[in-house]
Amino acid sequence: MTEELDAGIVARQIAESGELGEPARNRHEVGAARRRKEDARLVTGRTRWTDNIQLPGMLYVAFLRSPMAHARVTRVDASPALHRPGVVAAFTGRDLAGEQGSLPCAWPVTEDIVVPAHPPMAVDEVRYAGEAVACVVATDRYRAYDALESIEIDYEPLPAVVDMNAALEDDAPRVHEEGNRAYVWKFGTGDIDAAFRDAPVVVERTFVQQRLIPTAMEPRAVVAQTDGDSFTLHSSTQVPHILRIMLATVTGIPEHKLRVIAPDVGGGFGSKLQVTAEEVLLLLLARRLGKPVKWTESRSEGNLTVHHGRDQIQRLSLAAEADGRLRGLRVDLLADMGAYLMLITPGIPILGAFMFNGIYKMDAYDFTCTGVFTTKMPTDAYRGAGRPEATFAIERLMDELAAELGLDPIEVRRRNWITRDEFPYTTVANMTYDSGDYEAATRKALALFGYDKLRAEQSERRDRRDPVQLGIGVSTYTEMCGLAPSRVLGSLSYGAGGWEYAAVRMLPTGKVEAVTGVSPHGQGHETAWSQIVADALGVPFEDVAVVHGDTAIAHKGMDTYGSRSLAVGGVALVRACDKVREKARHVAAHMLEASAEDIEFSEGTFRVRGTEAGTTIQEIALAVFGAHDLPDGVEASLDSDATFDPDDFSFPHGTHLCAVEVDTETGATSIRSYVAVDDIGKVINPLIVEGQVHGGIAQGIAQALFEEAVYDSEGNLLTTTMADYLLPSAADLPDFVTARTETPATGNPLGVKGVGEAGTIASTPAVVNAVVDALRPYGVRDVPMPCTPERVWRAIQGGAS
Amino acid sequence: MIPASFDYVRASSVDEAVEVLADAGEEAKVLSGGQSLLPLLRLRLAYPSVLVDVGRLPELRGVRDEGGHVHIGATTTHDEIIRSPVVRAGCPLVALATATVADPAVRHRGTFGGSMAHADPAGDLPAVAVALDMEFVLRSTTGERVVTATDFFTDYLETALEPGEILTAVRVPKLGEGWGYHYEKFHRTAQAWAIVGVAAAVRVTVSESGARHVAEARVGLTNMGPTPLRATAVESAAVDAELPPVPHATANGSPSTARLPSANGSGPHDTLREAASLADGDTSPTADLHATPDYRRHLARVLTHRALTHAAATV
Amino acid sequence: MTRITVTVDGVAHEEEVEPRLLLVHLLRDRLGKIGTPVGCDTSNCGACTIMMDGRSVKSCSVLAVQADGSELLTVEGLADGPTWHPMQRAFHEEHALQCGYCTPGMIMAALDLLKDDPDPSDEAIRHGLEGNLCRCTGYSNIVKAVRRGARAMSDQEVTT
């Protein structure tokens, strides 16, 4: 299979149907609802998942994992496994201790942060259930798995540390010798004491952001191979470029001898933004054995060992005037790091630090985050990464404030939000929001939702004490995305920059290869990037191939996360196209015997201003390839590359409204309608945007109602399978009504903001606000997430008593 | 994950199956559709020495009307049950509950007898079995015996099946005319196991004035103890309860005003609600990720009322 | 080892298999049918859904020996050369996939539900797909795609 072939099939089918988002003649590709180029391989089963890779002589790896949350490994002997059929090798942490290094943490958020050594395979002590303690390499996966049962290992149990508050007690058992406090990070502006002094209204709440398991549908898989000199690693990763650098550092394999490939990747949502133990260990095994090795996780292995998300206790105080105007906000977070600090574990809650004020104006802000070690799987990025937690807090608080004051939740927001003529606006968290129109998005959402009618129905149901109550939840969110300005990352002690890279190769036949440093894993960049290039260079959409995810052919980049691909990587691509055009303009001038200043470019053709004389970019590409007659000093190449480093974040926003029916007899909840109006700036492909919003909303709803990673008091994960960790199916979710408003971002030439995380960030508080709203007549002020039927029922019992 | 090794025998007759089982002893397992067993094997929660595959034996498969009862062969799939006109006519409650089992693909492979023999108290069919007084036909090399549903389910994942014995069929007594049926399943997501389920059958009498009363009721409870339970106290107390004049639509799942009985149950609902409030008597629900025992008890009471109401409304 | 024969996407295979070999591993590791992926251990996710003798099954929860003599259809067998099956096209047209990992199973489950209900309501579609999890799309576009695919199939009277 080649991409060209599949693109051809798609093109043919698009042409056949005549309705597949193809822009009308002379219309721009950008903005068209192009169907995705990626789909050809995905709907036909020709996808290149990492587990699909089979190599001659390949060996299969299985890991023995700790059944205990915290224990000393007093004895481990892998040698009995060697006698099992098909087993080629077996190793323990001790065998690998000299070469395995320590998994990296790239974001030490404070000077005095505790960053414990994190051996990819535990050596003397295990600190979470599921930590690898030994491995077997065998000729097939069944035999590798069988032989794990022959490994002999003795543990001496140590106390589990499960609860964050208990972990911070002086006499708490320690996860690491240095103690359970990883760091304390503070931030504040304005006079917070003044804001709270004599405040007419203070709303104090504690919210728990439960621990989530990201659950990309594709389980992780890694294939490592070596030719004796250099190494190639295939991994189901979002970050091949970061991975290459980090793996080189950890393993000592020189960067130029290590190629990392992210083939087709089946979702990530942040969970594949990581340098994992298995990636390091597979490289070491390939190096030791000289054979290609493959490991594919099972789902239950993944639930234990793919980094988890969220897990914060949020202590919040909001001070307001009697009319609802905000004075100040205090945020005191406990953030569960789990047992180790992984790639950006400590930074996740800090990404939220600048978002707790949401879209609102206030005088003072005070933020403290304490990172806490526990004997659980480390946490790290999960869709939204810090910002959903912050948005949940402020949006829940705004509803609580409205209830306290007897105001409509929309009205209390209106009294506090930044108005459209106040942009650019520097917030209390020192973020400068460049653009937005909260009134417009809210107006549209209210109309689509039928807000007044639903409020009337709610009131009617309350009056007649209907056992099925109706709740309406509001979430007027913003988020910072387009991660990230390198200067900001530097100021926050992050270990790298936030720029992005792109290159454009003009091929002799006029076709184009666009190389991008981002690493799509389901988003549709091959399609959207083709649209951008088609407009920028005036070439047909079908003539663009997008190359990514392989450090040998897309050598440079910062990968995909934080809603950054378009807002940073897309802009880099525009810049690279600009350079191609500029080079071509000089060649065109020479070919047309005119001055370069007189050359205009439109729709793929360079013309001498005021004349019909022109030459196409494809003709120029061929001429440059021939190089028979190039102007002096011009190289025989139009290829260009560019990096883009944003000056600032971008700030999508929107208004999400959710109506929930609550069966007060059982506590069951059911989403009746959901409206999302998002302003994500300019849109490259509305179809892809809508898909991102849908999926984001679904994941946010899932946090509100269904998902929770549960550990027992001994640190055993109880939700190791999909039968226990509940994900919503089609039968559990409503249809979503989505619409957009558009205020272009001012920080980039595309005017784009980012959409990957918006739905998730907005939806969780909308749903929980709706559940709580339904139950206010019962005296309910909160329902912990996920709002399970039992929790809802107990809230009603508790509130009513 | 991957199952541990086992031997495999595809039985060519029931006689052969029970002979192999008798030889293999306690470590042998019967394989029918495998929809409960395969996940256990993959998670290595079960290590059978030999699997005896009875999935292809025609004598174990299919549904027959045998006059007073419906005969359901043990390896009849859930999908076949749902489609069976004999089941729909003779024991509609079985079809209603089976339609809520797992998902369509699992129902294509999973079998009626397999679900019963697995005896998961959170499974939907065992509660129907006790409610309808099903009879279980067990066969071994020493012959055949028949046990009642309440005797069949002995403990959590335990049945009256002895080593070497297989379940060949289940007989479902027909209840006759005038009965309505409903299976009320309460679960967090469509594919999740029942937190609590209630299987109800109600015989309704209509007086000359048009008043509707419960003449007889059967109630089975899912996941209210280590075995499926029969709520006999509810059944006795419900007799003669007055039923609402306008039948409700029957439906499972998410709440909506149209589907729910009114709030505080004044008027003719009272007797039925009082009867339903006995549903958690003699139950011993467990605590798990999705519910505490107290909440399960509460649900049993609420859902029993709904199940009885909906069942009656179908008459 | 047990000798079995299966026909996969029209091609007959005869294989010696361990009894414990999962059907999905027979397909993927032995027969090269890598279009059908594995997403869980407990038959919840449905990514591995294929047709076995005309009805959907989760191939991770069927032993290869149980499939002996069966006719199997995977997502790889749907297209007619370069011409996609109407349901494949519908998924493409309605943007019913993102990462695409659930897509092979989702398409097979969709085709299965149409066998009983060629013109399903949205609710019937949602319930018919309850054994197939998607983490990317939020399902709205999948529901639309199944509706569109159903229309196209009845227009073309395509059967699988």
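The values are calculated or read from the model by the stated rules, or taken from the named source; none is laboratory data. Note that this is a predicted model, so its numbers are computed, not measured. For neighbour counting, all protein chains shown are included, and Cβ atoms are generated from backbone atoms with ideal geometry for every residue, glycine included.
For the reader, a short list of remarks on this structure follows.
- Scanning region B:135-153 for residues being part of a helix (DSSP H, G or I) and surrounded by fewer than 24 Cβ atoms within 10 Å (Cβ to Cβ) gives a total of 2.
Residue-by-condition table, conditions (1) assigned to a loop (DSSP other than H, G, I, E, B); (2) at pLDDT below 95; (3) over 19 Å from A:R259 (Cβ atoms):
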residue	(1), (2), (3)
A:A496	yes, yes, yes
A:T509	yes, no, yes
A:S519	yes, no, no
A:E526	no, no, yes
A:W529	no, no, yes
A:V533	no, no, yes
A:A536	no, no, yes
A:A545	no, no, yes
A:K556	yes, no, no
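- A:E149 being closer than 30 Å to A:K291 by Cα and more than 26 Å from the chain's Cα centre (by Cα): yes
- Among residues of region A:291-313 that are more than 14 Å from every other protein chain (Cβ to nearest Cβ), none has a Cβ under 8 angstrom from a residue that is at pLDDT below 95 at a sequence gap of 6+ or on a separate chain.
- The strands (runs of 3 or more DSSP E) found entirely in region A:586-661 that carry 1 or more residues being over 30 Å from A:G450 (Cβ atoms), touching a Phe, Trp or Tyr at 6+ places or on another chain (Cβ under 6 Å) and touching a residue at least 24 places away in the same chain (Cβ under 8 Å) are A:614-616, A:640-644.
- So B:L132, is it more than 30 Å from A:T788 (Cα to Cα), crowded, with 16+ Cβ neighbours inside 10 Å and touching a residue at least 24 places away in the same chain (Cβ under 8 Å): yes
- Check on A:G751, closer than 20 Å to A:S650 by Cβ, assigned by TED's automatic domain parsing to the domain that holds A:L657, surrounded by fewer than 24 Cβ atoms within 10 Å (Cβ to Cβ) and not aliphatic (A, V, I, L, M): yes
- Tally of residues being more than 30 Å from A:K556 (Cβ to Cβ) and basic (K, R) across region A:190-248: 3
- Scanning region A:158-177 turns up no residue that is in a strand (DSSP E or B) and either without any contact (Cβ under 8 Å) to a residue 60 or more places away in the chain or among the aromatic types (F, W, Y) (or both).
- So A:A572, is it touching a helix residue (DSSP H, G or I) at 6+ places or on another chain (Cβ under 9 Å) and buried (at least 18 other Cβ atoms within 10 Å of the Cβ): no
- Residue selected from region B:2-45 under the condition part of a strand (DSSP E or B) and free of Cβ contacts under 8 Å to residues at least 60 places away in the same chain, by the criterion surrounded by the fewest Cβ atoms within 10 Å (Cβ to Cβ): B:D7
- Within region A:716-748, the set of residues being in contact with a Pro (Cβ under 9 Å, 6 or more places away or on another chain) and more than 9 Å from every other protein chain (Cβ to nearest Cβ) comprises A:N716, A:R740, A:A745, A:T746, A:G747, A:N748.
- In region B:84-109, residue nearest to the other protein chains (Cβ to nearest Cβ) [restricted to those that are under 20 Å from B:H182 (Cβ atoms) and of a type in the set (K, R)]: B:R107
- Scanning region A:33-64 for residues that are of a type in the set (G, A, S) and touching a residue at least 40 places away in the same chain (Cβ under 8 Å) turns up A:A33, A:G57, A:A62.
Every residue, every condition in (1) facing another protein chain (nearest Cβ under 7 Å); (2) without any contact (Cβ under 8 Å) to a residue 60 or more places away in the chain; (3) over 22 Å from B:G55 (Cα atoms); (4) of a type in the set (D, E, K, R), yes or no:
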residue: C:L23; (1), (2), (3), (4): no, yes, no, no
residue: C:P37; (1), (2), (3), (4): yes, no, yes, no
residue: C:T49; (1), (2), (3), (4): yes, no, no, no
residue: C:S56; (1), (2), (3), (4): yes, yes, no, no
residue: C:V75; (1), (2), (3), (4): yes, yes, yes, no
residue: C:H95; (1), (2), (3), (4): yes, yes, yes, no
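- Filter pass, A:G490 being assigned to a loop (DSSP other than H, G, I, E, B), of a type outside the set (D, E, K, R) and surrounded by fewer than 23 Cβ atoms within 10 Å (Cβ to Cβ): no
- Scan region C:58-73 for residues that are within 8 Å of another protein chain (Cβ to nearest Cβ) and of a type outside the set (D, E, K, R) and the total you get is 6.
- Where helices (runs of 4 or more DSSP H) sit wholly within region C:54-160, those with at least 1 residues that are of a type in the set (S, T, Y) occupy C:103-116, C:140-156.
- Matching residues in region A:65-101 - criterion: being over 17 Å from A:T305 (Cβ atoms), among the polar types (S, T, N, Q) and touching a residue at least 24 places away in the same chain (Cβ under 8 Å): A:T74, A:T92
- Qualifying positions in region A:442-487 - assigned to a strand (DSSP E or B) and either of a type in the set (A, V, I, L, M, F, W, C) or not assigned by TED's automatic domain parsing to the domain that holds A:K753 (or both): A:V468, A:L470, A:I472, A:V474, A:C481
- Failed condition for B:F112, given (1) surrounded by fewer than 20 Cβ atoms within 10 Å (Cβ to Cβ); (2) within 27 Å of B:E27 (Cβ to Cβ): (1)
- Whichever residue in region A:271-284 is buried (at least 23 other Cβ atoms within 10 Å of the Cβ) and touching a strand residue (DSSP E or B) at 6+ places or on another chain (Cβ under 7 Å) and, among such residues, is farthest from the other protein chains (Cβ to nearest Cβ): A:L283
- As a summary of the residue check, C:T103 satisfies the conditions (1) away from chain A (no Cβ under 12 Å); (2) crowded, with 24+ Cβ neighbours inside 10 Å except for the one numbered (1).
- Enumerated helices (runs of 4 or more DSSP H) restricted to region B:46-134, each holding at least 2 residues that are closer than 18 Å to B:A160 by Cα: B:112-118, B:125-131
- Residue ID - nearest to the chain's Cα centre (by Cα), chosen from residues in region A:190-209 that are surrounded by fewer than 18 Cβ atoms within 10 Å (Cβ to Cβ) and part of a strand (DSSP E or B): A:V208
- Among the residues listed as A:I192, A:I153, the single one being touching a residue at least 24 places away in the same chain (Cβ under 8 Å) and closer than 30 Å to B:L45 by Cβ: A:I153
- Residue within region A:698-709 that is farther than 30 Å from C:G39 by Cα and part of a loop (DSSP other than H, G, I, E, B) present: no
- Output for region C:106-132, where each listed residue is away from chain B (no Cβ under 11 Å) and in contact with a strand residue (DSSP E or B) (Cβ under 8 Å, 6 or more places away or on another chain): C:M106, C:L111
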